[in-house]
Ligand SMILES: NC(=O)c1ccc[n+]([C@@H]2O[C@H](COP(=O)([O-])OP(=O)(O)OC[C@H]3O[C@@H](n4cnc5c(N)ncnc54)[C@H](O)[C@@H]3O)[C@@H](O)[C@H]2O)c1
């Protein structure tokens, strides 16, 4: 197989943009992927200026339409191997659809798009064209999320009774958008963010963490979307009681008015044999609590199969995934890099013969993105009916 780095094209990322930065570091993390092009800003002139100012040479385009069109006539070794979409939510659907139709795999920020109609069209197109499609649910890329998934799904904690999956922030506790703060302005605008503010922005991460670690689906919700900050159109506080596919219960909650909480995403899982706790702000370990035993703390890269709790035959790919020995801390950028690394593997499989895995075990796939949007739309409906229990669509 060729060891030529994959070529990545950016959609969004110019002028003070946020999430492009960790992504572009993660893309370059292994030397097997590189950013080569970008349509970085909605205004074509500024887009080109921003590309010219990029910290390393990239080909600038005035728009993503131009970038996708130009790709057709590039020599094979200069063609884009995937695009990364890091624009606000209302500019996900269009570049994703156009890239897929041009035969370019897509790694897209969450939430997948604005509504279920868009999400369903994206899923149908991805399936029809057989193009790899990843959704950037960052926290699945922590090795401890992988280990948690293994522990819960292999039944080591028994049957899941209760999950509390949360993401608490405090940065929107005041009307920050009135100051023109770039990231706040579009997040509180339903036309650019979608039907839920806080829920769409970070509640989708809490949902994805629950689904990824437990393998369970949310079947019905009783949701309360609250707007504490006066004059804001979308929720800034999102509390959802859930019925799970195994008969268990869960709370998926998110808030952006919890002063002092920064990126306080975490999960607590209570099973019939024990519990698991994990927080992304301290992502290097998970805590397992078993009845009448001292708590067990498992550190990334320092677990011993056959220790009396973990079985002897831990999956080889899980055990091989940490990139540095434990004690040299991994964090947010490493999690992003692990997602890009796994997406890269699928893109290379696809380039080599059309087949790829994309089953959601290594990064969120397009169906996961669809489920995030289905969850948000159902929560908005339930909340409008004062928290009435409302069923989720099962799958597309
Ligand atoms: N996975 C995560 O942990 C995480 C964290 C933050 C944000 N996000 C998601 O990433 C996306 C971007 O969020 P952000 O906070 O970086 O936003 P941002 O406002 O900081 O950056 C958005 C960028 O998109 C550009 N843009 C807008 N329209 C464009 C167009 N038509 N063509 C080209 N560029 C265009 C803007 O100029 C800007 O450069 C959102 O969907 C958000 O939900 C995910």
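Every number in this text was worked out from the coordinates using simple rules, so none of it is lab data. Keep in mind that this is a model prediction, so the values were computed, not measured. Heads up, the Cβs are rebuilt from the backbone with ideal geometry, glycines too, and the neighbour counts pull from every protein chain shown.
For the reader, a short list of remarks on this structure follows.
- Prolate/oblate/rounded label for the chain (Cα gyration tensor, a/c 1.5): oblate
- Cα gyration tensor shape of the range 262-396, rounded if a/c is under 1.5, else prolate or oblate by comparing a/b with b/c: oblate
- Compared with the direct C-alpha span, the chain from residue 191 to residue 45 gains 50.1 nm at full extension, assuming 0.36 nm per residue.
- Summarising the overall dimensions of the range 93-211 from its C-alpha atoms, the Rg and Dmax are 17.2, 50 angstrom.
- Based on every Cα atom in the range 170-256, Rg and the maximum pairwise Cα distance Dmax equal 14.1, 46 Å.
- Three-way shape label, the range 150-202, alpha-carbon gyration tensor, a/c 1.5: prolate
- Convex hull volume per residue for the range 30-125, taking Cα atoms only, in Å³: 109
- Per-residue extension of 0.36 nm, minus the Cα-Cα distance of residue 224 and residue 282, leaves a gain of 18.0 nm for this segment.
- Shape annotation for the range 59-115: C-alpha extents along the principal axes are 36, 20, 15 Å, from largest to smallest.
- For the range 92-146, the Rg and Dmax computed from alpha carbons only, in angstrom: 12.1, 36
- Computed over the chain, relative contact order equals 19 percent, with contacts defined as Cα pairs under 8 Å that lie 6+ residues apart.
- Under 20 Å from a label point set 7 Å out along the Cα-to-Cβ vector of residue 30, the amide N atoms of the range 321-337 belong to 321-326, 329-337.
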